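Asker: Quick one: the structure is below, and I'll ask about it shortly.
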Amino acid sequence: MEEQFIRDRLSALREEKQVSERKMSLDLGHSSSYIRSITSGRSLPAMKGFLYICEYLGVTPMEFFNENKATTLTQQKAINYIYTMSDEDVKLLIGFIERLKNANP
């Protein structure tokens, strides 16, 4: 895993959340340049800091590092709703998604 991936992924998720580097840094309880120091390559977060970053961005560490299929924050929100649904409702939702997919190939 390259450090560049971490910087790029952090930037993409932060931008998707529509929050500035400064605001995110302050929200995480760090100096205003904390996130900038990570995205510029000057530093990497400690494990505890990384976990807080993931929580702030609404992704799991696994989702953060999933290079093949990056989950957007909108997709993650939908996934989180699915976790609260009954199996029957999830099956209905899958049927609806399949219907939409077949209507728009």
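The values are calculated or read from the model by the stated rules, or taken from the named source; none is laboratory data. The structure presented is a predicted model; accordingly, all values stated were derived computationally and were not measured. Because the Cβ atoms are built from the backbone with ideal geometry, glycine has one as well, and the counts that use them run over all protein chains shown. Ligands, DNA and RNA are excluded from the accessible area calculation, which covers all protein heavy atoms including side chains. Shrake-Rupley method; radii C 1.70, N 1.55, O 1.52, S 1.80 Å.
Asker: Between GLN18 and SER40, with labels modelled 7 Å along Cα→Cβ, what's the label distance in nm to one decimal, could you check?
Answerer: 2.7
Asker: Here's something else I'd like to know. Tell me, what is the percent relative contact order of region 1-58, built from C-alpha pairs under 8 Å that lie six or more residues apart?
Answerer: Here the relative contact order equals 33 percent.
Asker: Determine, at each q value in 0.17 (inverse angstroms), the log₁₀ of I(q)/I(0) that the Debye formula gives when each Cα of region 47-105 is one equal point scatterer.
Answerer: So the normalised log intensities work out to -0.72.
Asker: In Å², and per residue, what accessible area does the chain have when probed at 1.4 Å with the other protein chains present? Provide the component values of the computation, followed by the final result.
Answerer: Working: 7560 Å² over 105 residues.
Here the per-residue accessible area is 72 Å².
Asker: Also, quick follow-up: Using 0.36 nm per residue of separation minus the Cα-Cα distance, give me the extension gain between PHE50 and ASP8 in nm, one decimal. Working shown, then result.
Answerer: Numbers: separation 42, 0.36 × 42 = 15.12 nm, distance 1.43 nm.
The PHE50-ASP8 span can extend by a further 13.7 nm.
Asker: Right, something else. Using a 1.4 Å probe on the protein chains only, how many percent of the accessible area of the chain belongs to carbon and sulfur?
Answerer: Working: 4060 of 7560 Å².
Here it works out to 54 percent.
Asker: Also, I was wondering about something else. If you wrap region 12-53's Cα atoms in a convex hull and average its projection over all directions, what's the area in nm²? Display every interim value, and only then the final one.
Answerer: Details: hull surface 10.9 nm².
Mean shadow area of the hull around the Cα atoms is 2.7 nm².
Asker: Using only DSSP helix segments of four residues or longer, with each worth -39500 (n - 2.57), what per-residue ellipticity at 222 nm results for the chain after dividing by its residue count and rounding to 500? Display every interim value, and only then the final one.
Answerer: Numbers: 7 runs with 71 residues, N = 105.
So the calculated ellipticity at 222 nm is -20000 deg cm²/dmol.
Asker: Also, quick follow-up: Mean separation of Cα pairs under 8 Å and 6+ residues apart, divided by the residue count of the chain: what relative contact order is that in percent? Let's see the in-between values first.
Answerer: Details: 60 pairs, mean separation 21.7, N = 105.
Here the relative contact order equals 21 percent.
Asker: Taking only the C-alpha atoms, wrap a convex hull around the chain and report its volume per residue in Å³ as a whole number. Walk me through the numbers before you get to the answer.
Answerer: Numbers: hull volume 13.1 nm³, N = 105.
In the chain, the Cα hull volume divided by residue count equals 125 Å³.
Asker: In the neighborhood of SER32, defined by Cβ-to-Cβ distances under 10 Å, what is the net charge if each Lys or Arg adds +1 and each Asp or Glu adds -1?
Answerer: Details: positive: ARG22, LYS23, ARG36; negative: GLU21.
The answer is +2.
Asker: On to the next question. Report the charge-dipole magnitude of the chain in Debye, nearest 20, computed about the Cα centre from +1 at each Lys and Arg Cβ and -1 at each Asp and Glu Cβ.
Answerer: Details: 14 positive and 14 negative charges, 68 e Å.
Taking the Cα centre of the chain as origin, the dipole is about 320 debye.
Asker: Straight-line reach from LYS48: which aspartates and glutamates have Cα under 18 Å away, leaving out those fewer than 8 places along the same chain?
Answerer: Excluding near neighbours in sequence, the set is GLU3, ASP27, GLU63.
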